[in-house]
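Report on the structure given below.
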Amino acid sequence: MDVTIYEVAKRAGVSIATVSRALRGTGPVAAKTREKVLKAVEELNFTPSRLGVSLAEGRHAANGVVFPDLAGPYYTEVLLGYEEVASELGRSVVILSTKGRTRVNDLIKDLAGRVDGLLVFGHAAPDPLIAELVRLGVRLVVISRDPLPGADTLRSENTASARALAEHLAGHGYERFAFLGAPLTSGDDVDERWRGVRSVLGGAIEAVATREYTVECGFDAARALLKDRRPEAIVCSDDEVALGALLAAEELGLDVPGDVAVTGWDDIMAARHARPALTTVRQPMRELGARAARALDELITGVRDTPRHLILTTELVVRASCGPHPQEVRT
């Protein structure tokens, strides 16, 4: 494991800021102190990194945001909420998308050395890297992920709303279901949604994988599913996948919800204007980004130094894509 600037400071009996000044020649450092620092560097075989030195020196008035992908309205909404608050706080935002990138860990560590703190989305950074960043003292907020030691986490509620959605569909009398966008990563949002609907529907729902959570992938997966074995209702991992399912049903000449019901998740603008309008679960996407920006600022400015784990409320929104409820028909 690489030696850190913190270990050098401990060996020399000085602060990390003093180590940084001694190595860079910035600021006053007594000759004996510099000698102790250099001796510790030699004994530990320490190689200064941009990350360690930047953490020692102070602030950059910039935040880093690490996304797995920047395509799609969900990421856009979260980022807009984040950037709006960051701007109010006088901070610029440096964005890193990990999709299609190599040496992702190195890219994230390099970014951490150029900013005051990081927002990491989902599993864009693996657990061992998160642990390393925490050990190095990086201020971290992680969105849409289970609580992690030493880092703030922030996510929208998934399980209870997924159960409410499943119960609503079961109330229609549907008996055969598919979940489009099978769980790919344990502990992420989609996995929680899958577990929530399955806890209500049990073996009546099957998981159908999509390559990605996009309209195109939703279309491909739904078209194959509807040609092979048509469920009575398709529960989609997000609205983009659901919009793809609506297009696939249209291409195959199927009526929604007459032949198959379709539901989504997020309540993006397109969900409200789809034909038929999409039953979905609304999550506060912009608020998620705004809360993340404020949480990171609290850690950077020292308002608090203990991690906090927040869950934002979501809401089932019933529209036409799952059909009129039997109780509504009777009345």
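The values are calculated or read from the model by the stated rules, or taken from the named source; none is laboratory data. In this text, all values refer to a predicted model and were calculated from it rather than measured experimentally. Here the Cβ positions follow ideal geometry from the backbone for every residue, glycine too, while neighbour counts run over all protein chains shown.
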Selected residue (criterion: nearest to Val281 (Cα to Cα)) from residues of the range 125-143 that are surrounded by 22 or more Cβ atoms within 10 Å (Cβ to Cβ) and within 16 Å of the chain's Cα centre (by Cα): Ile143
Which number in (1) of a type in the set (A, V, I, L, M, F, W, C); (2) outside any helix (DSSP H, G or I); (3) buried (at least 18 other Cβ atoms within 10 Å of the Cβ) marks the one condition that Ala242 misses? (2)
Which pairs do you get when a residue that is assigned by TED's automatic domain parsing to the domain that holds Gly13 and over 13 Å from Ile5 (Cα atoms), found in the range 35-48, comes within reach of a residue that is part of a helix (DSSP H, G or I) and at pLDDT 85 or above, reach meaning Cβ atoms under 6 angstrom, with the pair 6+ apart or on two chains? Lys36/Ala12
Evaluate the range 223-232: report whether one residue or more is touching a residue at least 40 places away in the same chain (Cβ under 8 Å) and either β-branched (Val, Ile, Thr) or buried (at least 24 other Cβ atoms within 10 Å of the Cβ) (or both). no
In the range 202-211, what residues are without any contact (Cβ under 8 Å) to a residue 12 or more places away in the chain and not in a helix (DSSP H, G or I)? Arg211
Given the criteria over 23 Å from Gly122 (Cα atoms) and outside any helix (DSSP H, G or I), does Asp259 qualify? yes
Please go through the range 299-318 and pick out each residue that is free of Cβ contacts under 8 Å to residues at least 60 places away in the same chain and either under 19 Å from Ser144 (Cα atoms) or in a loop (DSSP other than H, G, I, E, B) (or both). Gly302, Val303, Arg304, Asp305, Thr306
Quick one: is Leu201 buried (at least 22 other Cβ atoms within 10 Å of the Cβ) and farther than 29 Å from Ala295 by Cβ? yes
Can you name every residue in the range 82-94 that is under 16 Å from Leu70 (Cβ atoms) and surrounded by fewer than 16 Cβ atoms within 10 Å (Cβ to Cβ)? Val94
Output the number of residues of the range 68-109 satisfying the condition of being within 14 Å of Gly122 (Cα to Cα), in contact with a helix residue (DSSP H, G or I) (Cβ under 6 Å, 6 or more places away or on another chain) and outside any helix (DSSP H, G or I). 2
The condition from (1) within 22 Å of the chain's Cα centre (by Cα); (2) crowded, with 17+ Cβ neighbours inside 10 Å that Gly150 misses is numbered (2)
Need the failing condition index for Ala292 against (1) at pLDDT 95 or above; (2) assigned by TED's automatic domain parsing to the domain that holds Gly171, just the number. (2)
Tally, over the range 99-120, of residues that are surrounded by fewer than 24 Cβ atoms within 10 Å (Cβ to Cβ) and either of a type in the set (Asp, Glu) or in contact with a Phe, Trp or Tyr (Cβ under 7 Å, 6 or more places away or on another chain) (or both): 3
